[in-house]
Every structure is written in C-alpha cells, then in structure tokens.
C-alpha cells in the first residue's frame, strides 16, 4: 500500500469498480435510492449523502475494502443497524464518505456452553444473539429497546448499556475478545475466550466505546450467563426521587445481586406514555409521583424468589420508602409493565419536538441532580415538561424535555442551548458524565471538549493518530477533526 495516500491513486470510478470486485456488484450500492436508508439516522437527524455503501460478507473482504479505500484516500463510516442516537454512523453531506455496512456479516460462529461464550460476527442482530443463547439454555443479558435492529458491532462500538446493567454490566463487561480490521487493513485476531490473560495491554477496550474511530470490529466473543429459572417484576410507587436510591440500597441489602433491573420514571413520563398509548394501563390507581419498575431473577428453583421479593418490598413499605406496589402475577402482566417503560421514546416522538440528554451521576446524587435541574428548567421555560426515566442502578438518567402543553415548538427549541447548559453543568458539578451510554458521535463533540479532562482529550487524539494516522475511519466523529488534519 502506498505510503502517501494524500494523492489518490484511483479515480472514483476505479475505486468503485475495485470495491465491486471485492464484495460483488450486488453488495455495492451507489444509487441514491439504494443508499438513502444508510445515509440518514433512524430519527431523521444528521441527514447525509454516501458516495457508496459497501457491504462485505467476511473479515477478509473488510480488510480488502479498507486497503482499497486507504489507497484511494477515501474515508469509511462503519455502520451496524443504524440505531445510534448521536449521529456517529451516517455519512456527512459532502457525498465523499463511503459507508461500510456490516449487516451481511451476521453469522454466529460458535456457542460454547461449557465456556459460557458465544462468538458472533459484528452484523449479528442483538435479538438473534439472545435467542441463540436461550437455545443452549444460556442467557445473553444485553437488552435494549432497539434489540430487534441493533447489531453486536454497534453495541460494542458505543459500549451500549440497557436495562440489565445493574446485574450484568455494560457491553464492555460482556466482551472477552474481538476481531478487528485496522486502518491499514491488517486483521487483529483477538477472539480470546479467556477470563484471565495478563500479557500486556488489553487492546479490546480501546475499540469498545471507540465508535469505529480506531478499528472496525468484525466479530466478538461474548460472555453467556446461566438462564434464570425464576423472575419477578413489580411496579413500585414512590413519593419522591430520593426514595428511589434508598429503595435500591434496601433491596441490594436484602436480595443481593438478584436485582436485574431498576428503572425509574417520573409521573410526567408515565402520563405521556398513557396519553399516546391509550391501550396501555398503569398498574396502580394511586398515580404516584415516581415509579420504579424493578425486576429480580434467580437461576435456582430452590429459592422462593417471589416470597423474598414480597418480603423485601413489605419491609420497604413499613420503612416509608414505598407508597404503593403492584407485583406482576404472570408473564403477561410483567410484559405489560415493561411495555410502559419501553414506550417512552416513541411517546416523546409522537408528542413532537423534544430535547434529549443521556447523563450519568453517582447513584447517590440522582435526587440532587433532579432537584437542582427541574426548578432551573421551569425558570428558563415556564411549563416545560421534564420527561425523566432511566437506569437508577447505574446512575444513568435519560433527562429529556418536551415543550409546554400547547406551547410553540419553535420558541421551545430556541431555548435548547440554555437547557443543555443547565443539564450538563449540573451533571459535571455532581461528578457526572454528559454521555452515559449513547456515545459522542457528531452531537456532543463540543461538549466533550468542554467537560472531559484535557489530558484525557490529548491522550485520545494521540491514540487516534497512532491507530489511524490518515483519519480514514469515522473522521469527525467522537473527536472533532483538528485544523491540522
């Protein structure tokens, strides 16, 4: 490969012909009608235009595509299920960038129930991985709203969180090994299934959460867990947000790591869902100010899980932590409770323009964050609706805002910068993060530079330059492009 990729060796036509020879003519899309779904984020944000969409079916094809693009000086935008929320996997408006879609690399290479591992290609849909695990009487615990579309490669590149982080951790915690194509086309075979390997830098962690800027993840070996044989779900009413963190501590003390999920929703959030999904029913008649959707699970059949859960909640009621509670008596009732939680993003979409934030703070500071920001929001935009929901167990709040009822959408959106300022400043002041699980992409770069430690930013740029000196992988995503580049 030429050491000088700044002067292209190929015309655009020659490059496209070479790519077609690598992946097959049917796997190279160049017509706007064919590339449009790859060029626009699923919510309609960050519309772009791809020079082409190339769809390799093997790691070797990915390697050859990377070499061809590097030699032509063409930039590549890795893409999985295109379910990202920060504009990190779609091309810009220049029409110069090539989307590298990994959706054809969707095979499950191996499942090993003894090692409790599954090795899958990056384009494998998350739901398919979950189902494959269940067929071997195992659990792949990563769950999120887009699991029917999101791919493992995308989950890894953003270090996706989801509903069960409290017990099982983020995607990073579930990954044992990776296969990665580097910007020079070399293939790093790091598909280890070892739990222990103290032989130097753990390179996989540079690519997990790297948003495709350092390498293209083509396969991964992930952890599997024992399949739960018991589950119990409860819809818990609280009088205030502080009771949520106190209840979590109480349940951890009494039930330990059997707590699988612990989701919070404000009254405004629940009401928004019920408004736009009138067929759904809230489990409690008391309409509490705050709701916790809690799930516990157990792999043993010899433990009376439901009885222990009921006892723990009963003692929480006696202690004044819980105002009201409904425990699901069937799987159908549990699914109905989860449907209320899962419908929040769609309810906001139906309701009109909104502002979204994905922040994290120490768990103990969640009530402080809410009590500090909500009054400031009301001062900035009287009548603003704070749509608060998220994962209390890991300190991650989706702290969103909808315009006042009957208010003008344009006037509301004009206050966006002031609202963002309130949220990010408060999160930073409480020792939190401006991005908990959605990543940085193109949306949060300026905010990243403002709040991330300068030494950390410097190291990130040095790592980017070391791995991708010509910046052909996802340029201008995660880290802003520097003027010298």
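Each value in this text was obtained by applying a stated rule to the coordinates, not by laboratory testing. Not measured: the values here are computed from a predicted model. Neighbour counts run over all protein chains shown; Cβ positions are idealised from the backbone, glycine included.
I need the shape label for the stretch 352-446. Rule: rounded when a/c is under 1.5, else prolate if a/b > b/c, else oblate, with a, b, c from the alpha carbon gyration tensor.
prolate
Going by the alpha-carbon gyration tensor, a ≥ b ≥ c the square roots of its eigenvalues, is the stretch 230-344 rounded (a/c under 1.5) or, if a/c is not under 1.5, prolate (a/b greater than b/c) versus oblate?
Oblate.
Just from its helices, what would the mean residue ellipticity at 222 nm be for the chain, if runs of 4 or more DSSP H residues each count -39500 (n - 2.57) and the sum is divided by every residue, rounded to the nearest 500 deg cm²/dmol?
Rounded to the nearest 500, it is -10500 deg cm²/dmol.
If the label point is 7 Å along Cα→Cβ of residue 268, which residues in the stretch 382-398 have backbone nitrogen under 18 Å from it?
Once the point is set 7 Å along Cα→Cβ of residue 268, 382-391, 397-398 turn out to lie under 18 Å by backbone N, inside the stretch 382-398.
Order by neighbour count: 222, 460, 377, fewest other Cβ atoms within 10 Å first, most last.
Least crowded to most crowded, the residues run 460, 377, 222.
Once you have a ≥ b ≥ c as the square roots of the Cα gyration tensor eigenvalues for the stretch 10-134, tell me rounded if a/c is under 1.5, and otherwise prolate or oblate according to whether a/b is larger than b/c.
Because a/c hits 1.5 or more and a/b fails to exceed b/c, the stretch 10-134 counts as oblate.
Taking 56 Å as R0, compute the FRET efficiency from the Cβ-Cβ separation of residue 463 and residue 315 and round it to 0.05.
Using R0 = 56 Å, I get an efficiency of 0.70.
How far, in degrees from 0 to 90, does helix 59-72 lean away from the longest principal axis of the Cα atoms of the chain, to the nearest 10?
It works out to around 60 degrees.
Working from Cα positions, state the angle (0 to 90°, nearest 10) between the long axis of helix 242-255 and the longest principal axis of the chain.
90
With a 10 Å radius around each residue's Cβ, average the other Cβ atoms per peptide and rank 256-267, 39-50, 75-86, highest first.
Ranking the peptides 256-267, 39-50, 75-86 by packing returns 75-86, 256-267, 39-50.
What is the helix-to-structure angle for 126-135, meaning the angle in degrees between its Cα long axis and the longest Cα principal axis of the chain, kept from 0 to 90 and rounded to the nearest 10?
Tilt of helix 126-135: around 70 degrees.
What ranking do 269-278, 322-331, 174-183, 445-454 get when scored by the average of other Cβ atoms within 10 Å per residue, highest first?
174-183, 269-278, 322-331, 445-454
If contacts are Cα pairs under 8 angstrom and at least 6 residues apart, what is the relative contact order of the stretch 50-108 in percent?
51
So for the chain, averaging the separation of alpha carbon pairs under 8 Å that are six or more residues apart and normalising by length, what relative contact order in percent results?
That works out to 14 percent.
If I model a spin label as a point 7 Å beyond the Cα along the Cα-Cβ vector, how far apart are those points for residue 108 and residue 279 in nm?
Between residue 108 and residue 279, the simple spin-label model gives 3.0 nm.
Please give the contour-minus-distance gain from residue 300 to residue 408: 0.36 nm per residue of separation, less the Cα-Cα distance, rounded to one decimal in nm.
That works out to 33.4 nm of additional length.
Once R0 is set to 60 Å, what does the formula 1/(1 + (r/R0)^6) return for the Cβ-Cβ distance between residue 240 and residue 17, expressed as a FRET efficiency to the nearest 0.05?
The formula returns an efficiency of 0.40 here.
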